[in-house]
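Okay, so here's the structure we're looking at.
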Amino acid sequence: MIYRGLLASLPPNAQNPLSNHNPPLYTSHLPTFTTDSRMTKTSELLSTLKPGESTGTSVGDYVEAMFWFESTQNQWRMRGRTYLLAEEDVDETPAITDVLERHLVSRNTGTLSEGEKEKWTWKKEVQMHFANLTPALRGSFANPPPGTPVSLGDNGGAIKGVKIQNEEVMSEDGTVAVARRNFRVGVVVPEVGVLGRRREMEGSGDLALMGKGCLDNLVFYRASYG
């Protein structure tokens, strides 16, 4: 999987048409990734699904993630629970968002007003991640389900090889709607022991690299807990 930045702290991207979609109120130390709800890896993370099945915002399984920093020749491993966020229902899933909110840190030293808080939504966060991808990668979420014969062509609005341009990312129709419906933002909430190593990461400079999205590799393993 590809590391997509820290939750609520997407790396700067001039090509993201929604870079200011959510006000810059928060930051966090929760790594994110993106995936297609129909992929086998999604069913593995959720364990209750069969490959090809889809679900909305969900609590996933425990995973182990490995980061490799080529520039510093350091390897970092973390273990934690995954959460998959879907645009369509993430704002109506407090059992999950309440957990993630505990890890959000205000960028301001003062107390945020209720008006400021209401401008920031989880749905916008998911939309920002979708817009942060390239046109071709956005379009890949509108591909037919894995294993569908190419000869079948259009499959419920799913079309292989489409590119979703910047001006189309918020469209509610056709291929764009299919892509956004299949798109998921994955969040890993590390165990407390891993978060406690933040000072060590800061000392090595690796945490700064994570915040800038400067990771060379990220590998996820599904963890077994007996």
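The values are calculated or read from the model by the stated rules, or taken from the named source; none is laboratory data. Note that the structure is a prediction, hence the values are computed from the model and not measured. Every residue, glycine as well, gets a Cβ built from its backbone with ideal geometry; the counts of neighbours run over all protein chains shown.
Are there any pairs, at least 6 apart or on different chains, whose C-beta atoms fall under 6 Å, with the first in the stretch 160-177 and closer than 15 Å to Thr134 by Cβ and free of Cβ contacts under 8 Å to residues at least 60 places away in the same chain and the second in a loop (DSSP other than H, G, I, E, B) and of a type in the set (Val, Ile, Thr), and if so, which?
Val176/Ile164
In this structure, does Val99 turn out to be modelled with pLDDT of 90 or more and either in contact with a helix residue (DSSP H, G or I) (Cβ under 6 Å, 6 or more places away or on another chain) or at positive phi (or both)? Walk me through how you get there before you give the answer.
On the way: modelled with pLDDT of 90 or more: yes; either in contact with a helix residue (DSSP H, G or I) (Cβ under 6 Å, 6 or more places away or on another chain) or at positive phi (or both): no.
Spelling it out, it is not the case that Val99 is modelled with pLDDT of 90 or more and either in contact with a helix residue (DSSP H, G or I) (Cβ under 6 Å, 6 or more places away or on another chain) or at positive phi (or both).
If you go through the stretch 15-27 one residue at a time, do you hit one that is exposed (fewer than 15 other Cβ atoms within 10 Å of the Cβ), out of contact with any Gly (no Cβ under 7 Å at 6 or more places or on another chain) and at positive phi?
No, the conditions are met nowhere in the stretch 15-27.
Can you tell me how many residues in the stretch 139-159 are part of a helix (DSSP H, G or I) and either basic (Lys, Arg) or modelled with pLDDT under 70 (or both)? I'd like the intermediate steps shown before the answer.
So the first thing to find is which residues in the stretch 139-159 are part of a helix (DSSP H, G or I), and the list is 139-140, 150-152.
Narrowing further to those that are either basic (Lys, Arg) or modelled with pLDDT under 70 (or both): 150-152.
Residues flagged as part of a helix (DSSP H, G or I) and either basic (Lys, Arg) or modelled with pLDDT under 70 (or both) within the stretch 139-159 amount to 3.
What number of residues in the stretch 108-131 are polar (S, T, N, Q) and at pLDDT 95 or above?
Going residue by residue through the stretch 108-131, those that are polar (S, T, N, Q) are 108-109, 111, 113, 121, 127.
Applying the additional criterion that residues be at pLDDT 95 or above yields 121, 127.
The qualifying residues number 2.
Give the stretch 163-188 a look and list any residue that's over 30 Å from Arg102 (Cβ atoms) and of a type in the set (A, V, I, L, M), or say none.
Of all residues in the stretch 163-188, those over 30 Å from Arg102 (Cβ atoms) come to 163-168, 171-179.
Ile164, Val176, Ala177, Val178, Ala179, listed by residue number.
Mind counting the residues in the stretch 100-138 that are in contact (Cβ under 8 Å) with a residue 40 or more places away in the chain, out of contact with any Lys or Arg (no Cβ under 9 Å at 6 or more places or on another chain) and either of a type in the set (Lys, Arg) or assigned to a helix (DSSP H, G or I) (or both)?
8
Return yes when Ser28 is under 25 Å from Pro144 (Cα atoms), at pLDDT 85 or above and within 16 Å of the chain's Cα centre (by Cα) and no when it is not. Don't jump to the end; show me each part of the working.
Numbers: under 25 Å from Pro144 (Cα atoms): no; at pLDDT 85 or above: yes; within 16 Å of the chain's Cα centre (by Cα): yes.
The answer is no for Ser28.
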